[in-house]
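The values are calculated or read from the model by the stated rules, or taken from the named source; none is laboratory data. Values in this document were obtained by computation on a predicted structure and should not be read as measured data. Methodologically, a virtual Cβ is constructed for each residue, glycine included, from the backbone with ideal geometry; neighbour enumeration extends over all protein chains shown.
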Amino acid sequence: MKPEIALALIMKRWRDWQEVARYQLPAQQEAERQNLLELFVLYQKMKKKKSQATQVQFAIEQPISQVEAREEKIRKGNDALVVYSQPVDYEKYFEYIRMDVETYNELFKLLEPKIKKQFLIKYPIPAHTRLQICLRYLASGDSMTSISSAFKVANNTVSKIVTDTCQAIWDVLSNLVFPTPSVDLWKERAHSFETQWDFTHCIGAIDSRQLVLQTPVNTESNYCKTNETIVLCAIIDANSCFSLINIDVEEVLEDGINFAASETGCHLQDNTYDIPAPSKINETGPELPYVLAGNENFPLTVNLLRPYAATSDLDLPKQVFNYRIGRARKCSDCAFRILTNQWRIFHKKFSNSASNTIKITKAAICLHNFLMNKENSRPFQDRRYSLLSESDREYNILGCTNVSISSEIPSENAETVRNMFKDLFCEDGAILLEWE
């Protein structure tokens with residue numbers, strides 16, 4: 001048989017196998033792969049025998065035994081750093097990838113179908129290693145070169161692995177950690193805010209951050225003068241988990257971004273988030289809308305409250321309102337502090353492209369929610385992810401900074417709603433802490 005015919009038959013058999021491989025058991029896949037590999041080695045011998053003068057060097061020409069030996073070397077070499085600390089030092093293991101062994105195994109089972117690569121001849125980087133590379137890159141904030149040296153993987157391969165794995169994390173976890181907004185879900189979150197933060201009818205704290213990109217080397221000075229920036233706008237629940245996020249490239253005006261024109265602002269105006277209708281806090285109390293707690297950056301609307309402007313003549317009821325809304329917003333500050341200190345990719349400016357920066361941020365937030373959901377179900381003494389040391393709180397976060405939002409004149413209805421909450425906090429809804 002001619003080598004060309006043998007190669008054509010091998011390729012046909014390989015294409016047929018690709019169509020059914022996903023339905024086969026791992027043992028069946030490995031057996032078929034070995035058969036195809038043996039046929040390929042036989043084809044190599046036929047071609048070499050036909051023409052000794054000119055030989056095409058293929059990516060792999062070793063006997064099967066050498067291929068298997070190299071596969072074992074890849075497995076051991078790439079996973080050595082994480083596997084070494086797994087059975088010995090659980091603290092070191094957590095510091096390395098920001099989760100314990102049990103949680104990592106659960107995460108891997110969810111992601112494996114997405115990140116595992118099919119192969120015929122060349123043994124790919126294992127799925128475990130791909131996930132560990134991505135987690136270590138997010139957790140350490142190290143450069144691609146450093147991760148490349150640690151895992152013995154090429155620089156460009158590390159970049160591709162991080163991008164693909166971050167996308168897989170978002171595809172798999174987003175539906176698990178971001179439930180679809182509904183009236184019942186918002187009311188449940190409002191109850192949590194009332195019991196934990198003493199702020200009734202609050203469905204979340206809203207916050208925004210700018211994702212800062214590093215200026216490429218040898219670029220012109222006007223690179224930083226662009227009028228667009230990547231903005232993360234998030235709604236955080238009472239347990240410091242992200243309820244909703246929107247990350248997009250926003251146009252920057254003279255006094256900041258236009259919140260009303262942003263995706264989050266449009267959703268709030270159109271009520272596509274399915275926010276509950278106003279209701280009374282008790283039989284004799286006023287009818288209040290469900291609101292978000294914002295800081296002084298955000299505009300004042302019917303469903304979004306902000307503090308009164310800090311002036312020297314601010315009366316006591318307004319000071320009480322500012323205290324209560326500031327207290328409710330602590331969960332937002334806590335969420336961003338945990339996110340940016342556990343995933344230290346945010347400690348420096350992003351050296352990635354804008355699209356990859358968005359993928360990395362989405363993946364980090366998904367992992368944050370995934371770990372916080374587990375953390376909140378554990379006793380306080382068993383929590384590890386949400387606890388930060390004093391040194392962690394002193395880091396200067398360069399990659400995720402505050403962003404200015406253009407001011408808007410509030411409507412009379414918005415002012416009325418805020419005054420109703422102010423009166424409530426000084427009368428029926430007063431708590432002892434606000435008077436201390």
Are any residues in the stretch 147-190 without any contact (Cβ under 8 Å) to a residue 24 or more places away in the chain and of a type in the set (Val, Ile, Thr), and if so, which ones? ILE147, THR180
Residue match in the stretch 326-337 (condition: more than 28 Å from PRO276 (Cα to Cα) and in the same structural domain as ALA261 (by TED's automatic domain parsing)): yes
What number of residues within the stretch 401-429 are in a loop (DSSP other than H, G, I, E, B), more than 30 Å from ASN341 (Cα to Cα) and either touching a residue at least 40 places away in the same chain (Cβ under 8 Å) or not assigned by TED's automatic domain parsing to the domain that holds GLN210 (or both)? 6
Going through the stretch 280-315 one residue at a time, which ones are without any contact (Cβ under 8 Å) to a residue 12 or more places away in the chain and more than 25 Å from ASP207 (Cα to Cα)? LYS280, GLU283, THR284, GLU287, SER312, ASP313, ASP315
Residues being assigned to a loop (DSSP other than H, G, I, E, B) and either buried (at least 20 other Cβ atoms within 10 Å of the Cβ) or not assigned by TED's automatic domain parsing to the domain that holds ARG209 (or both): count how many of those fall in the stretch 290-311. 6
With the condition kept exactly as written, say whether any residue in the stretch 67-77 is modelled with pLDDT of 75 or more, of a type in the set (A, V, I, L, M, F, W, C), assigned to a helix (DSSP H, G or I) and within 32 Å of the chain's Cα centre (by Cα). no
Residue satisfying condition, being charged (D, E, K, R), at pLDDT 75 or above and either within 30 Å of LEU387 (Cβ to Cβ) or more than 38 Å from the chain's Cα centre (by Cα) (or both), within set LYS50, LYS2, LYS92: LYS92
Evaluation of LEU131 against (1) surrounded by fewer than 22 Cβ atoms within 10 Å (Cβ to Cβ); (2) without any contact (Cβ under 8 Å) to a residue 60 or more places away in the chain (one fails), failing number: (1)
Can you find even one residue in the stretch 266-275 that is assigned by TED's automatic domain parsing to the domain that holds PHE421, assigned to a loop (DSSP other than H, G, I, E, B), closer than 14 Å to ARG418 by Cβ and out of contact with any strand residue (DSSP E or B) (no Cβ under 8 Å at 6 or more places or on another chain)? no
Looking only at the stretch 105-119, count how many residues are more than 13 Å from PHE370 (Cβ to Cβ) and within 18 Å of the chain's Cα centre (by Cα). 3
I'm trying to understand the selection: among the residues of the stretch 336-356, which are assigned to a helix (DSSP H, G or I) and either of a type in the set (Lys, Arg) or surrounded by 16 or more Cβ atoms within 10 Å (Cβ to Cβ) (or both)? PHE336, ARG337, ILE338, LEU339, THR340, ASN341, GLN342, ARG344, ILE345, PHE346, HIS347, ASN356
Would you mind stating whether LEU305 is more than 16 Å from CYS233 (Cβ to Cβ), more than 16 Å from the chain's Cα centre (by Cα), of a type outside the set (D, E, K, R) and at pLDDT below 90? no
